[in-house]
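Everything on this sheet refers to the single structure shown next.
Please treat every number below as a calculation from the coordinates, not as lab data. Note that the coordinates shown come from a computational prediction; the quantities given were computed from them, not determined experimentally. With ideal geometry, Cβ positions are generated from the backbone for all residues, glycine too; neighbour counts draw on all protein chains shown.
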Amino acid sequence: MKRFFTILLALVMVLALFAGCGKDTPEPSKAPADPNPTTAQPTETPDDDVEDETKETGLPIVDETMEFEIFASVFLAEQMTDLNDGYAFQELENRTNIHIKWTIPSLASGTEQFNLMLMSGDYPDAVQVGNMNPWVGGLDANVDDGFILDITDLLPQYAPNFTAIRQQDINVLRATTTDMGRVVALRPLHLDGRQPTYSGPVFRQDLLDKAGYTGELVTIDDWYNALTALKGVVDKEPLYLVNRTHHGLDMDIATAFNVAGTQNGYIAVDGKVVYSFISEGMRDYLRTMNKWYSEGLIDKDFASRTNNMRADYSDVLSNNHAAFNAVFTYIDNYEKQGMEDGYELTPVSLPVRQKGDVRHIFTVGPIMGGAVTTLFPDCENPEILLRWFDYLYSEEGAMLYNYGVEGQGHTIVDGKPMLSELVVANPDGIGMSQALSLYTFPAVFPGRLDWRREFTDYMSEKSINANFLWTGDCDHAYELSDSITMTLDETTDYSARQSDINTYVTEQIPRFIIGELSVEDDWDAYVAEIKNIGIDKCLEHWQAAYDRYIAR
């Protein structure tokens, strides 16, 4: 009965299944260039067989082709029907003798298909989802309920590369361990430490020059002075807000006030979980934004804007606005396409309240990928499937994972792999996000992800350095890991309360900013309503889950 309730709850809850799959609008669908690669040969001769035909070392993993079924929520290039159409996956099959029968749900129906698969009782060998959320009640509960295979004892022998990498960082070790001390999921692990954020603030340098502003852009006061100077040289208002979570919550600015746009606004301060949206930091943030709005420094349309990933081209390529959040891969294109002569962008660090302050909250950029891959208990040969996954954590497998086949997905330049022209400037017009899917592995797949692969020769030094500028002054001390999990009972109660809190907060933040509500006179009523909805109980659930996580 508990198993049925778990699935039923998953069907009725609104859960995020996919990680970010594509930042761009879809590129035109064209036939890909056919590079006709030469199949790589096995690099070692297998030694002795172990049980279930698994090879101790070397490739292929099995002598005769073996098939597994995997449900995977991944982004596919328009030229692909499933991952077997990807050149890197074809090469992996050639090397390992493992063939995969894929179920790839559409982005629109992924959550429904995942839940229907669980309800059907007809399970694949493994499932990959974009984050922890689909596994309602946490991974341990789903192991106990018979949906996830506990692979703890199998990993040292059959996934030694994954095991070695996760043990190199205490945060990764903790995040890949469940509250009950199990290891039950494979995650994308980063090859070179924590990935920097992919987006951050930029200012129009040509408009700063026109306005005569020569000061720093470090503190909140610096930004105020710059925006005030820019007010006289833009067609609308200087600062353009991107609504990524709650309308009016600019994540780049809010971090200066220890307000988080992730994890529904929860942070951990000295071991205590805090709801940052009712903190004094939030109150100061709203004071600041209300002042800027009342002085005409923030665009008037922010509350009605629905694009939550990037700025609208028509607004940021013109002189409508002079400061906005940009994805690092867009900076060069913005400068090429700018409507004004001399259009120039300058990336700046996220502002702090006082010069020298260290930010404790990061906007994006985890210690590892959020996607989760688990095996079902019905998998007949888990040892072999784990060997297949683990190859992608090896040095040789990671090269295939990140860069594809040499001469096709990448070339070697000065002894280092670089994504090829087929990926970064495809002659058939296939965009980079589509080409990465076609020629390499998706970043949500288990493996050793080299996030530096997106730094190409086609990018300016300015664009590449922006990643590190946007993240360099953060110690992450207040962050809550996405691997913290609540129990089924906690999740059920928390989700109902938090949904109502999110709705209320999203409605009230813009009202404070535009002045419909007073930060001085209406703040206590705002906090009281959130408490009335049940924030104390939500904090209780978060604290219990956080304490279990720290104890891992």
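Computed over region 277-415, the alpha-carbon pair-distance distribution with 5 angstrom bins reads 2, 6, 9, 11, 13, 12, 11, 10, 8, 9, 6, 2, 1, 0, each value a whole percent. Quotient of the Cα radius of gyration of region 424-552 and 2.2 N^0.38 Å, N being its number of residues: 1.57.
Taking every C-alpha pair closer than 8 Å and separated by at least 6 residues, the mean separation divided by the residue count of region 275-394 gives a relative contact order of 11 percent.
In region 337-470, a dipole from Cβ-located charges (positive for Lys and Arg, negative for Asp and Glu) runs towards its positive end, and of 412, 358, 427 it is 358 whose Cα lies farthest in that direction.
Would you mind getting me the FRET efficiency between residue 428 and residue 235? Use the beta-carbon distance for r and R0 = 41 Å, nearest 0.05.
Values: r = 38 Å, r/R0 = 0.93.
Efficiency computed from Cβ-Cβ geometry: 0.60.
Take each peptide in 313-319, 392-398, count the other Cβ atoms within 10 Å of every residue, and average; sorted highest first, the result is 392-398, 313-319.
Of the residues 212, 229, 241, the one whose Cα sits farthest towards the positive end of the charge dipole of region 196-286 is 241 (charges of +1 on Lys and Arg Cβ, -1 on Asp and Glu Cβ, taken about the Cα centre).
Our note on the geometry: Cα centres of region 375-440 and region 220-244, 42 Å apart.
If you take the beta carbon distance between residue 528 and residue 65 as r and set R0 to 60 Å, what does 1/(1 + (r/R0)^6) give as a FRET efficiency, to the nearest 0.05?
Calculated value: 0.40.
Work out how much length residue 468 to residue 270 would gain on full extension: take 0.36 nm times their residue separation and subtract the Cα-Cα distance, in nm to one decimal.
Contour length minus the Cα-Cα distance gives 68.6 nm.
Using a cutoff of 8 angstrom between alpha carbon atoms and counting only pairs six or more residues apart, the relative contact order for the chain works out to 23 percent. In the chain, helical runs assigned H by DSSP with n ≥ 4 each contribute -39500 (n - 2.57); averaged across all residues and rounded to the nearest 500, the mean residue ellipticity at 222 nm is -10000 deg cm²/dmol. The magnitude of the dipole of the chain, with charges of +1 and -1 set on the Cβ of Lys/Arg and Asp/Glu and taken from the Cα centre, is near 1520 debye. Over 32 Å between Cα atoms, which of 300/531; 236/537; 236/355; 272/300; 231/531 qualify? Distance filter (> 32 Å) returns 236/537; 272/300; 231/531. Each Lys and Arg contributes +1 and each Asp and Glu -1, all at the Cβ; summed about the Cα centre of region 270-383, the dipole is approximately 640 debye. Taking the Cα centre of region 442-552 as reference, the dipole from Cβ charges on Lys and Arg (+1) and Asp and Glu (-1) amounts to some 620 debye. For the chain, taking the reciprocal of the average inverse distance between every pair of different Cα atoms yields a Kirkwood hydrodynamic radius of 25.1 Å.
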